[in-house]
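Asks: Take a look at this one; I'll ask things after.
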Amino acid sequence: MNEKNIKNPNKLIYEKSPYLLQHAYNPINWYPWGEEAFQKAKEEDKPIFLSIGYSTCRWCHNMNRESFQDEEVASILNEYYVPIKVDREERPDIDKVYITFAEALTGSAGWPLTLLLTPDRKPFFAGTYFPKRSKRGLTGLIDLLMKIKDTWKERKEDIISESDYILKEVDLRYNRYSKGSIHEDILKTTMEELENNYDNINGGFSLRPKFPLPQYILFSLEYGYNINNQKALNMAKNTLDNMYKGGIFDHIGFGFYRYSVDAKWLVPHFEKMLYDNALLAMTYIRAYEITKNPLYKEIGDKIFEFVLRDMVSEEGGFYSALDAETEGEEGKYYVFEYDEIINLLGEDFGKYYCSYYDITKEGNFEGKNIPNLIEKDLDDISELDMNKLDSMRDMILSYRDKRVKPHRDEKILTSWNGLMIASLAYGGKVLNKNLYIKKAKEAADFIISNSIDEKKYLLSTHIDGKSYNYGFLEDYAFFIYGLLTLYQVTKKEAYLEISKKLKDDMIKFFWDEKDGGFFYYSHISEQLILRPKDFYDGAIPSGNSFAALSFQKLSSITKDEEVYKKFNETLYTIGDSINKNPTAHIYSILAFTSFAI
């Protein structure tokens with residue numbers, strides 16, 4: 001980065017988002033999403049270059065280093081385009097709209113998300129990561145930008161016409177869902193679909209990459225428990241055991257990484273997300289409740305230990321994520337060389353620790369080691385062994401803490417806090433841990449005090465003492481769910497009353513009176529080129545499914561017939577879609593069956 005850039009930051013310097021601030025000293029004249037950028041594109045007749053990512057995204061970092069810090073790339077973008085940066089976690093509505101286009105145009109999508117738009121914000125090209133120059137079959141960013149700028153000059157009207165067509169088609173196809181009653185045999189068909197996707201050897205419901213997908217595990221647990229199906233229970237337990245044994249769990253500092261790139265859960269993508277750990281803690285604690293296996297209680301405690309140590313603000317709200325890389329290297333903070341452990345613990349203790357956690361001179365990850373228990377039978381590890389290993393782990397954690405730490409994204413998102421509040425409250429009740437309930441209350445009180453404005457509207461994002469952006473559906477649905485879980489544990493009426501008020505607002509601001517279901521963003525938010533509805537549960541649950549879960553929970557508490565009616569209407573809106581593709585809607589099915597925790 002040259003001196004000129006340091007002295008002359010771009011317009012992102014005035015933003016609060018950690019991701020946008022990471023790009024504030026790029027030589028690119030980035031604009032934040034807003035009218036100034038759109039007006040410039042119209043006045044100068046330039047396409048918009050839209051780049052969407054988030055601050056702990058590994059490939060976003062790569063594209064930043066390779067292209068966005070590069071003067072040659074910057075000169076092209078600055079001359080021929082209006083470049084806009086968006087933090088997908090700060091503006092999930094923008095991300096939802098444009099990733100929908102990317103999926104429609106390319107068949108897949110991810111981050112960094114790269115789009116080219118007309119000045120009216122309509123997309124005509126979508127992709128993800130681009131290297132600076134074309135290589136190994138990948139189109140280079142410079143080649144792409146030069147080709148598009150010529151095409152814009154020669155065939156602008158065709159591009160605009162094509163973007164209009166794309167918009168209509170995506171709106172037609174991606175906002176399509178089938179109403180109807182959920183079939184009586186939905187549990188059986190869901191279980192059959194999970195069985196077909198199940199990895200009998202390593203657990204999980206795909207080969208690679210492997211995402212935890214807690215909803216699949218929760219459903220298998222509940223099905224096995226309520227239907228008395230041992231096969232379903234074994235699928236859940238095998239998955240829970242193997243995830244914990246693998247490198248996807250941080251055996252030194254605890255908590256789960258985002259996903260595993262291989263089939264046996266060894267090599268993670270080293271990012272740690274608040275929502276993953278909230279949902280996984282809930283899942284392990286439910287597994288403990290059902291099976292009475294103390295291992296699952298221990299894992300739940302370890303997840304909370306990580307969260308309360310590394311992810312909580314002084315005021316009580318929870319931060320969003322920890323980066324996958326440090327000093328430009330993925331996993332550098334988390335992996336070890338064999339000699340490091342030997343030198344730290346001494347020859348005897350070092351070899352003892354290394355033998356348990358698969359730490360070798362050759363290494364199991366790029367010449368270094370990801371601690372794991374994959375080859376161990378957890379039943380064979382005695383309590384005495386675990387006590388000795390834990391004391392060594394404390395020494396290794398202290399040693400690791402002296403390294404350069406991963407970047408922490410300190411956005412406090414209302415939605416993800418709602419999930420962690422629910423998880424801690426539930427965990428506190430089941431595990432009889434008042435500390436967890438106390439921390440859930442502190443987080444809930446923080447959101448209530450800081451992220452509900454003077455008009456009583458829920459806000460989405462809090463950074464550096466300020467909350468902003470009207471809440472999205474997931475903010476309402478997840479936070480209501482968290483408040484209701486907290487009320488069930490504490491019996492504090494204020495949480496119930498606030499959840500009822502937020503429920504009313506959620507219906508008022510998001511419900512589609514014509515076709516049913518909840519829109520992703522409200523009618524008081526910025527209106528984008530598409531107003532999608534989110535029904536599919538991925539790594540992050542859909543807002544509609546958690547709205548249904550919240551209605552189900554609130555109805556069971558209050559016996560309010562209007563709430564129960566809205567619960568049924570929400571599920572009826574997509575009932576036939578659920579029948580056709582049950583595993584994409586498992587949180588909705590959990591609500592339908594009242595299996596929900």
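The values are calculated or read from the model by the stated rules, or taken from the named source; none is laboratory data. Being a predicted model, the structure only gives us computed values, none of them experimental. Backbone-built Cβ (ideal geometry, glycine too); neighbour counts: all protein chains shown.
Asks: Is it true that some residue in the stretch 237-256 is under 17 Å from Y426 (Cα atoms) and out of contact with any helix residue (DSSP H, G or I) (no Cβ under 7 Å at 6 or more places or on another chain)?
Replies: No, the stretch 237-256 contains no residue that is under 17 Å from Y426 (Cα atoms) and out of contact with any helix residue (DSSP H, G or I) (no Cβ under 7 Å at 6 or more places or on another chain).
Asks: What's the total number of residues in the stretch 128-151 that are at pLDDT below 90 and not in a loop (DSSP other than H, G, I, E, B)?
Replies: 2
Asks: Looking at the stretch 71-85, is at least one residue within 28 Å of Y257 (Cα to Cα) and within 20 Å of the chain's Cα centre (by Cα)?
Replies: yes
Asks: Would you mind stating whether W111 is out of contact with any Leu (no Cβ under 9 Å at 6 or more places or on another chain) and either buried (at least 23 other Cβ atoms within 10 Å of the Cβ) or closer than 24 Å to R258 by Cα (or both)?
Replies: Yes.
Asks: Moving on to the next point. Among the numbered criteria (1) of a type outside the set (A, V, I, L, M, F, W, C); (2) under 28 Å from K16 (Cα atoms); (3) out of contact with any Cys (no Cβ under 7 Å at 6 or more places or on another chain); (4) surrounded by 18 or more Cβ atoms within 10 Å (Cβ to Cβ), which single criterion is violated by S163?
Replies: (2)
Asks: May I pose another question? Tally up the residues in the stretch 94-110 that are within 20 Å of G543 (Cβ to Cβ) and within 14 Å of the chain's Cα centre (by Cα), please.
Replies: Number of matching residues: 2.
Asks: Continuing with the same structure: In the stretch 433-455, what count of residues is obtained for those that are in contact with a strand residue (DSSP E or B) (Cβ under 9 Å, 6 or more places away or on another chain) and outside any helix (DSSP H, G or I)?
Replies: Selection size over the stretch 433-455: 3.
Asks: Among the helices (runs of 4 or more DSSP H) contained in the stretch 179-293, which hold 3 or more residues that are without any contact (Cβ under 8 Å) to a residue 24 or more places away in the chain?
Replies: Of the helices (runs of 4 or more DSSP H) lying wholly inside the stretch 179-293, those with at least 3 residues that are without any contact (Cβ under 8 Å) to a residue 24 or more places away in the chain span 186-197.
Asks: Considering each residue of the stretch 505-540, count those that are under 20 Å from K456 (Cα atoms) and in contact (Cβ under 8 Å) with a residue 60 or more places away in the chain, and give that number.
Replies: 5
Asks: Considering the stretch 286-305 alone, what residues qualify as being within 30 Å of E90 (Cβ to Cβ) and either surrounded by fewer than 19 Cβ atoms within 10 Å (Cβ to Cβ) or hydroxyl-bearing (S, T, Y) (or both)?
Replies: Once the filter is applied, which keeps residues that are within 30 Å of E90 (Cβ to Cβ) and either surrounded by fewer than 19 Cβ atoms within 10 Å (Cβ to Cβ) or hydroxyl-bearing (S, T, Y) (or both), the stretch 286-305 yields only E305.
Asks: Just the residues that are in a loop (DSSP other than H, G, I, E, B) and hydroxyl-bearing (S, T, Y), please, taken from the stretch 33-73.
Replies: Listed by number, the residues that qualify are Y54, S55, T56.
Asks: So is I76 closer than 19 Å to L530 by Cβ, touching a residue at least 24 places away in the same chain (Cβ under 8 Å) and aliphatic (A, V, I, L, M) or not?
Replies: Considered against the rule, which asks whether it is closer than 19 Å to L530 by Cβ, touching a residue at least 24 places away in the same chain (Cβ under 8 Å) and aliphatic (A, V, I, L, M), I76 comes out as no.
Asks: To continue, here is another question. Which condition breaks for T490 when tested against (1) modelled with pLDDT of 95 or more; (2) closer than 16 Å to F318 by Cα; (3) not aliphatic (A, V, I, L, M)?
Replies: Unmet condition: (2).
Asks: A follow-up question, please. How many residues are buried (at least 22 other Cβ atoms within 10 Å of the Cβ) and outside any helix (DSSP H, G or I) when one looks only at the stretch 9-26?
Replies: 4
Asks: Quick one: in the stretch 408-465, which of the residues that are β-branched (V, I, T) and surrounded by fewer than 24 Cβ atoms within 10 Å (Cβ to Cβ) is farthest from the chain's Cα centre (by Cα)?
Replies: V430
Asks: How many residues are farther than 27 Å from K16 by Cβ and either in contact (Cβ under 8 Å) with a residue 12 or more places away in the chain or part of a helix (DSSP H, G or I) (or both) if we restrict to the stretch 410-432?
Replies: Residues meeting the conditions: 7.
Asks: Same structure, new question: Go through the stretch 7-49 and give me each residue that's under 17 Å from K149 (Cα atoms) and among the β-branched types (V, I, T).
Replies: Across the stretch 7-49, the qualifying residues are I28, I48.
Asks: Can you find a residue that is assigned to a loop (DSSP other than H, G, I, E, B), surrounded by fewer than 21 Cβ atoms within 10 Å (Cβ to Cβ) and touching a residue at least 12 places away in the same chain (Cβ under 8 Å) anywhere in the stretch 584-594?
Replies: yes
Asks: When you look at F130, is it in the same structural domain as D45 (by TED's automatic domain parsing), free of Cβ contacts under 8 Å to residues at least 24 places away in the same chain, surrounded by 21 or more Cβ atoms within 10 Å (Cβ to Cβ) and at negative phi, yes or no?
Replies: In short, no.
Asks: Mind checking which residues of the stretch 104-127 are part of a loop (DSSP other than H, G, I, E, B) and aliphatic (A, V, I, L, M)?
Replies: A109
Asks: Restricting the search to the stretch 330-345, which residues are assigned to a helix (DSSP H, G or I) and closer than 17 Å to C57 by Cβ?
Replies: none
Asks: Something else: Looking at K565, K553 in this structure, which one is under 30 Å from V489 (Cα atoms), basic (K, R) and touching a residue at least 60 places away in the same chain (Cβ under 8 Å)?
Replies: Among K565, K553, only K553 is under 30 Å from V489 (Cα atoms), basic (K, R) and touching a residue at least 60 places away in the same chain (Cβ under 8 Å).
Asks: Taking the condition basic (K, R) and crowded, with 23+ Cβ neighbours inside 10 Å, does K96 pass?
Replies: no
Asks: Also: Being buried (at least 18 other Cβ atoms within 10 Å of the Cβ), closer than 30 Å to N64 by Cβ and of a type outside the set (D, E) is true for just one of L145, L187, L194, L138. Which residue is that?
Replies: Unique residue meeting the criteria: L145.
Asks: I want to confirm something. Restricting to the stretch 379-407 and keeping residues that are surrounded by 12 or more Cβ atoms within 10 Å (Cβ to Cβ) and aliphatic (A, V, I, L, M), which single residue is nearest to M311 (Cα to Cα)?
Replies: L397
Asks: Another question, then. Looking at (1) closer than 24 Å to G140 by Cβ; (2) surrounded by fewer than 18 Cβ atoms within 10 Å (Cβ to Cβ), which is the one condition that is false for E36?
Replies: (1)
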